[in-house]
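Undergrad: First the structure, which I've put down as structure tokens, then a few questions once you've had a look.
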Amino acid sequence: FPIFFATFSNIFCYIFQYFLLHFPIYIYNKVMFNKYIKRICDKKIKEILEISGAIWIQGPKWCGKSTTAKTFSKSNIELQNNQTLELIKLQISNNSNYFLEKATPILIDEWQEIPEIWDLIRLEVDKRNKNGQFILTGSKTPDTTKIHHSGIGRINKIKMSTLSLFESNESSGK
């Protein structure tokens, strides 16, 4: 047992040291201070919100879509929460858009859980006739059979990738 424990503790120390050496900026910003790391796409998202009624931020899981979107939004609807999801579904089935009456831009995270939201957002963008109203995020492919309009001219798309070495200050980008 003592030999196993010594070996296990050595392995743990090695892994911890490796983590500290290779991810210092990540640890410093995210774990220690939970500070937002500016992304390359931030400028593009800001530009799209200034010229379009809505934006859909696409990308793989855990690339920072929701975190980034929250820096631009004034209110959030998180559909990965089952209670929120069921409440919004109920409101939609009763022809109520009450959930859209929040401070804008409104972040609708994991919007694909209710694909009908796409058409509601399109209609709301037309009705309000203002830019920067909605931010949609999610990594799942939506059920397009429940979407009746492309969103062209109302909802612009941007693809987001995982955190780059440049963004984490581990490379100069040269």
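The values are calculated or read from the model by the stated rules, or taken from the named source; none is laboratory data. Remember, predicted model here, so these are calculated numbers, not experimental data. Ideal geometry is used to build each Cβ from the backbone, glycine not excepted, and the neighbour counts take in all protein chains shown. To get the accessible areas, we keep the full protein, side chains included, count just its heavy atoms, and leave off ligands, DNA and RNA. Shrake-Rupley method; radii C 1.70, N 1.55, O 1.52, S 1.80 Å.
Undergrad: What is the dipole size for region 25-174, taken about its Cα centre, with +1 at each Lys and Arg Cβ and -1 at each Asp and Glu Cβ, in debye to the nearest 20?
TA: 520
Undergrad: Report the extension gain between residue 98 and residue 81 in nm, rounded to one decimal, defined as 0.36 nm multiplied by the number of residues separating them, less their alpha carbon distance.
TA: Details: separation 17, 0.36 × 17 = 6.12 nm, distance 1.78 nm.
Taking residue 98 through residue 81 to full extension adds about 4.3 nm, to one decimal.
Undergrad: At a 1.4 Å probe, what is the % contribution of carbon and sulfur to the accessible area of region 115-174? If you can, show how the numbers build up before the last one.
TA: Working: 1810 of 3650 Å².
Roughly 50 percent, rounded to a whole number.
Undergrad: Sticking with this one: As an exercise, identify the GluC sites (Glu not before Pro) in region 65-123 lying in DSSP coil whose Cβ has no more than 14 other Cβ atoms within 10 Å. Mind dumping the intermediate values first?
TA: Working: sites: 78, 86, 101, 110, 113, 116; in loops: 101, 110, 116.
The qualifying sites are 101.
Undergrad: Simple spin-label model, 7 Å along Cα-to-Cβ: residue 128 to residue 70 in nm?
TA: Placing both labels 7 Å along Cα→Cβ, they lie 2.1 nm apart.
Undergrad: Follow-up. Each residue of region 58-69 in order: what ³J(HN,Hα) in whole Hz does its phi give by Karplus 6.51 cos²θ - 1.76 cosθ + 1.60, θ = phi - 60°, with x for Gly and Pro?
TA: Coupling constants for region 58-69: 9, x, x, 4, 6, 9, x, 4, 5, 4, 5, 4 Hz.
Undergrad: Do the alpha carbons of any pairs in 43/70; 44/70; 43/127; 44/140; 35/70; 89/127 sit beyond 18 Å of each other, and which pairs? Each step should come with its number before you reach the end.
TA: Numbers: 43/70 14 Å; 44/70 15 Å; 43/127 27 Å; 44/140 22 Å; 35/70 13 Å; 89/127 21 Å.
The pairs that break the limit, which is 18 Å between Cα atoms, are 43/127; 44/140; 89/127.
Undergrad: What are the residues whose amide H is under 5 Å from the amide H of residue 55, where those residues sit 5 or more places off or on another chain and H is modelled from the backbone?
TA: 134, 135, 136, 156
Undergrad: Tell me the chymotrypsin sites (Phe, Trp or Tyr not before Pro) within region 57-157 that lie in a loop according to DSSP and have at most 11 other beta-carbon atoms within 10 Å.
TA: 62
Undergrad: While we're looking at this one, here's another question. Under a point-charge model restricted to the Cβ atoms of Lys and Arg (+1) and Asp and Glu (-1), what is the dipole moment magnitude of region 84-161 relative to its Cα centre, in debye to the nearest 20? Before the final figure, lay out the partial values.
TA: Details: 11 positive and 10 negative charges, 69 e Å.
Here region 84-161 has a charge dipole of around 340 debye.
Undergrad: Can you give the accessible area per residue of region 119-174, in Å², using a 1.4 Å probe?
TA: So region 119-174 comes to 63 Å² accessible per residue, rounded to a whole number.
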